[in-house]
Structures are given as structure tokens and as C-alpha cells.
1. Do you know which of the residues in the stretch 293-308 that are within 16 Å of Thr261 (Cα to Cα) and touching a helix residue (DSSP H, G or I) at 6+ places or on another chain (Cβ under 7 Å) is surrounded by the most Cβ atoms within 10 Å (Cβ to Cβ)?
2. For the stretch 461-496, which residues satisfy the criterion of being among the basic types (Lys, Arg) and either under 36 Å from the mean Cα position of the chain (by Cα) or surrounded by 12 or more Cβ atoms within 10 Å (Cβ to Cβ) (or both)?
3. Out of all the residues in the stretch 580-589, is one or more touching a strand residue (DSSP E or B) at 6+ places or on another chain (Cβ under 8 Å), in a helix (DSSP H, G or I) and more than 20 Å from Ala543 (Cβ to Cβ)?
4. Is it the case that Gln499 is assigned by TED's automatic domain parsing to the domain that holds Glu614 and surrounded by 14 or more Cβ atoms within 10 Å (Cβ to Cβ)?
5. Out of the residues in the stretch 503-553 that are of a type in the set (Lys, Arg) and within 19 Å of Glu482 (Cβ to Cβ), which is surrounded by the most Cβ atoms within 10 Å (Cβ to Cβ)?
6. From the set of residues in the stretch 403-445 that are part of a helix (DSSP H, G or I) and closer than 17 Å to Leu463 by Cβ, which is farthest from the chain's Cα centre (by Cα)?
7. Select from the stretch 397-439 the residues that are surrounded by 13 or more Cβ atoms within 10 Å (Cβ to Cβ) and free of Cβ contacts under 8 Å to residues at least 24 places away in the same chain and list them in ascending order.
8. Considering Asn595, Asn562, which residue is surrounded by fewer than 18 Cβ atoms within 10 Å (Cβ to Cβ), of a type outside the set (D, E, K, R), within 23 Å of Asp359 (Cβ to Cβ) and at pLDDT below 85?
Amino acid sequence: MNDRLRMLVIQLSNEKWQTAQQLAQQLEVTPRTIRSYIAKLKENGVLLQASHTKGYRLQNQTDSQFLNEVSIGPEARRREFLVALLHHGSIDYYHFALEHHVEDTTVAKDISLLNRKLSSYTAKIAVKDYVAALEANEEQVRQILLDQLYQESATAGFNVQALRHYFHFKFNYDELTQFIRQQLKQNDLVLNDYNFTNFVFHLLVAIDRNQKLGKTIQPEMQASNQSQKVISVLVVWLRKSYGLSLLIEDQRYLTLLLDNTAQISWKNHESIRKLAIMVNEILQEINLRYELNLNDEHFVDRLLLHVANLVNRGHCSQLLQHQIPLVHHIKQTYPLIYDVAVFFVSQLAKKMGLALESDTEIALIAIHFGLYIEDSLINSDTLTISLISPGYQELRQKIANKISASYGKRVVVKTYSDDQRVDKSGLVLTTDPTIQRPGYLLVSNFFNSRDRANVTDKIDHYLQKKSDLRFEYFLSKCLSEEHFQISRSFADKKSFIEQRGNDLLKTGYIEADFLGDVLKRESMSSTNMLNGVAIPHSLQIGANRSIIDITIFPSGVVWDQNAAPVEIVVLSCIKASDQAIFGDFMDHLVKITSNSKLFNRLKESRSFNDFLHELRTISK
């Protein structure tokens, strides 16, 4: 039985039905070929179930006679073949085929595919009399090995087993990485996660190649700076712990790698310490403006490392300007997080006296915030849960702890022994069947899975209702017919913002400097969300009164060159006290604009009442 049939058996071992089309895509053949394979499997005694509508599946899910013959898939087999070549230089591919239960012609095809990949390194696999040999110099071998490590760690997640697959010398990964981190710390150096993994990969490849080539142990180089000290101590430790050595050339290269990627710990360097003070000042301002809590030390340290590099790029006028899809995604999906990043970069630029405005740089800062900020932290909703549980205080507290553990920051739990002074502003739970009132929810003394499901439904209902009420309040307070228009004329966004802003200035909604702030914010990073909506606004939450000025352009307008046209412009002027409810409005707007059908309904409004009606209807 060839390897294609064996792979088909593996696919069919899934309990789900699979059509010939689905199986064909997985095995990279045609549906007609799949049907011929099915016939051959039946000839080999494999019991199959077939359905005209559902497809195929194994009748006996434990058919180990065939499943045990297949060890790995094509991608993994090719990877193993390449690693074997990197280790041994040449291998008998006929024996390799036998070991992996595939035909030698299949391995020959694998070699052809690998040669396409190796051509980018100016290397190749030569074959003679079933012996495959890797034709590559030492530099090429190292680069191929490194790239294999990067690819595997990116697709399957980095793990120790993957390392053992690539390197045959004895070492303890956890012990090694712990020692390296310790030496970096002692020398006031910090590497981010990517650069640390990169350093470890280079170190292991250097050791591996030295072992393969049988190089003699060389003394460590003289240490004069922090990076050299780390490498010198590491060389001694490797020799004493594992009998492993590093060539002087590799020691110098690893030192250069540290020099270019490691940052001096901000806690022990005056210039970085000053930068840390600035960053913390900006974060405290963000905490107040956006009602966040960005005080986690680990988050601040990671952000500071990135900011230090950003400032260095700013000093050298080498800001990242290349467009990345992530910029568009963050703008469309997480506009408030993106806005936090814009505010952070603008304040940093102001304090440093540097030009740091770049969509790419802002997006990378937004990633740091987005990875840390939970969705619930921005405009977070909390629900008061009042728990009535007569009897033992210990039991009552245990139930309360379970509820708190289940819902975290979404709820605040209050406990009562009776319902005389119960806070009824939120959800009321009771463990006593005799204490039943309209709206009370009965739960058990053990708060089991059924209780959790019932409470979850209630919490979702309450919080959605709370959000809807705030949204309705925002619509009635911040939208008006006087500040809604349908327009077909548009010169440019600067003129448009000035014209609409002056109308708001005349009616007392904003001050003159507020309009300047809107234009400044627009110049930093376009407020075009790239999905048909632009939301020009100020970084300063300082309008006299909150107002959302809406303009619909039925035919669309060019807000930015080389960008999708804008059909709805939302000029936002928000008073500080309305920041939270503005967040609700933004959440609803993002949901609408991310769905083309809903957005089309909204942009086709031809009057203020139509627009308001659609907004309310769509948001429910």
C-alpha cells in the first residue's frame, strides 16, 4: 500500500464524515483520484462507510493495521529528511523510504521539493545511486538550520522536544536559558523574547556545528564590555557543565549579536531611567483619561524597551514607515486602543522634542497596549451581585469567592444573611428557596455548573441592557439634526474639518484651540478607519459640550490618497465627563462598520431621523 493510501486512512480515521472534495484538498489530488483510492482501500480489506451526501469515513475507528504503518505526514517527513542531511551530510534515501513506509519515488519527489527551497541559499541536494548528499558550505548549513528552527517555532510553538530533534548533543534547555538570563541580569542587559530566542538559536547552532566538525576547545576571549562578559562566562559554564565549546569566531559573533539587540537595563542607566519617568508620567495621564490601570511592572518594562528603540530611531530619523496590514486591522477593530497609542506617541514626542509620527510606529505601540489591556478594561462594565445566604458566614463567603473567581472584574459581590438591606441595583442571588422575590435568582449552596450557566446568562443580559441604555442616552444627548448633513462636495479633509469645526465653534460646543488639536491629531495618523468611515477628533477630551457631527457622502470622498473612499465622517467633540459613554458609541460603530450589510444600511440614510432609526435598529 503506497503512502497516499496510508495518508487517506489517517484522514478517514477522523470520526467526522468527509467528502471526496475535502479529502482531495487535504491530499492535494483530484476528487476522482480519491474515489479510485477508496476502491483500492476496499480491495485491501479496509472497512469504510459511504454516503452520497456525507462522503466517507472508517467503519472501524481502531483499524490499527493501516494506521500504525504511517508515522508522519509529508511536511514532517521532508523536514526530518533535511535535518538528517544537515547532521550527516549524506543519507541513503532508499533506506529512509523504508523506515518511513513510503515508496522511494515519494522521497525522490520530496528531494525535488526541498531543492526548490534550498535554491534560495545557493545550496542543493545531489543524488547518486540512492545516496542523497547536501552540497552547501558551512555558512549555508548554519543559515538553513537556523531558518528551520524559526519556521518550526513559528508554526508549532517553541518547545524543548523540537530542539532535541535538531541537536544531538546533551544539554538541558531550561538550565541553559536560566543561566543566560542570569548573566544578562548581572550585566544589566535586557533582551526581549524574540531576540532572546534568536540568541539561543544562534548559540545552539554554533555549538552543534563545532561538535560536528570536531573543532578543538579554544579559550574564551578577553572581556571588556558587558556583552563580552556574558559570552566569556557562558563559554566557561558550557565547558564545565557539558564539555561543550565555542570557537573564538562564534564567541565574537554572539557578542556582536548581544551588542546589537540587548538594551541596558533602565533600572541601572541614567538616560533610560529618565525615559522611564517620562513613560510613567504619560501612562498615569492615560489612566486618568481612559479610565485604565496601566501600572503593571512587567508591562511597563516591555513597553519601555520598545520606547527606547523608538526614541533611538527618532534621533537617527529612521522611523519605521513601511505599511503593514496590522495598522489597518487595529484601526478598524480596536480604534480606542489605537487612539491610546496615538496619544502616547504624541505626548512622548512632545516631551522628547522629537518627530515620532508614523502609522507603523503607532501601530507597534498599540500592540503593546492591546496585548495588555483586556477588552473589559476599556469602558468596563461591572455588575453588583448581591448574594443572600442564611446560615454560616464561612459557607456564604465560599460561594461569594466562587462567583468572584468565575467572573473576575465583571462583577462586585456583596453578601447578606437576609434580604432586609439588600442592594437591588444589580443581580440578586439567593440560596434560600423561602426568600424568593421577583427578579431574584435561586442558586445552590455549592454554585455548580448549572448555577454558573444561569448566572452567566443573567450577567450578559444585565450588562447588555446597561450598555444599550448608555448608548441610547448618548444618542439623545450627542446627536442632533442641526449637526447632520448629506453632502456631495468635498475639497480636502483639512478644509472640511475647518468648515465643520467653525460651525461648532460658533454654537459654543468647542473653543478655537480644540479645532487645532483635531487637525494636529489628523496629521499624526489618519482617522480614516479604511472601512468607509473617518472619525476626526482631538487628543484632548475638552469640548464644552459633547457633540457628534455626522456627514454622509453617498458617492464617497478621497480622505487620504491611495486609500479607500470615505462615505461617513464622524467629527467627534467629547466633554471629559462623557468619555465612557462615547466608548459605548464607538463599540457600536465598530460592530456596524465591520459588517458591510449593516454599514450599507446606515450610509443609505437620507435624513437625520432615518440615520437615527437605522443606528438604533442595527445596534439592537
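The values are calculated or read from the model by the stated rules, or taken from the named source; none is laboratory data. It should be emphasised that the depicted structure is a prediction, and the values quoted were computed from it without experimental measurement. Because the Cβ atoms are built from the backbone with ideal geometry, glycine has one as well, and the counts that use them run over all protein chains shown.
1. Val307
2. Scanning the stretch 461-496 gives Lys465, Lys466, Arg470, Lys477, Lys493, Lys494.
3. The answer is no, given that none of the residues of the stretch 580-589 is touching a strand residue (DSSP E or B) at 6+ places or on another chain (Cβ under 8 Å), in a helix (DSSP H, G or I) and more than 20 Å from Ala543 (Cβ to Cβ).
4. It is false that Gln499 is assigned by TED's automatic domain parsing to the domain that holds Glu614 and surrounded by 14 or more Cβ atoms within 10 Å (Cβ to Cβ).
5. Only one residue fits best here, namely Arg545.
6. Ile403
7. Once the filter is applied, which keeps residues that are surrounded by 13 or more Cβ atoms within 10 Å (Cβ to Cβ) and free of Cβ contacts under 8 Å to residues at least 24 places away in the same chain, the stretch 397-439 yields Gln397, Lys398, Ala400, Ser404.
8. Being surrounded by fewer than 18 Cβ atoms within 10 Å (Cβ to Cβ), of a type outside the set (D, E, K, R), within 23 Å of Asp359 (Cβ to Cβ) and at pLDDT below 85 holds for just one of Asn595, Asn562, which is Asn562.
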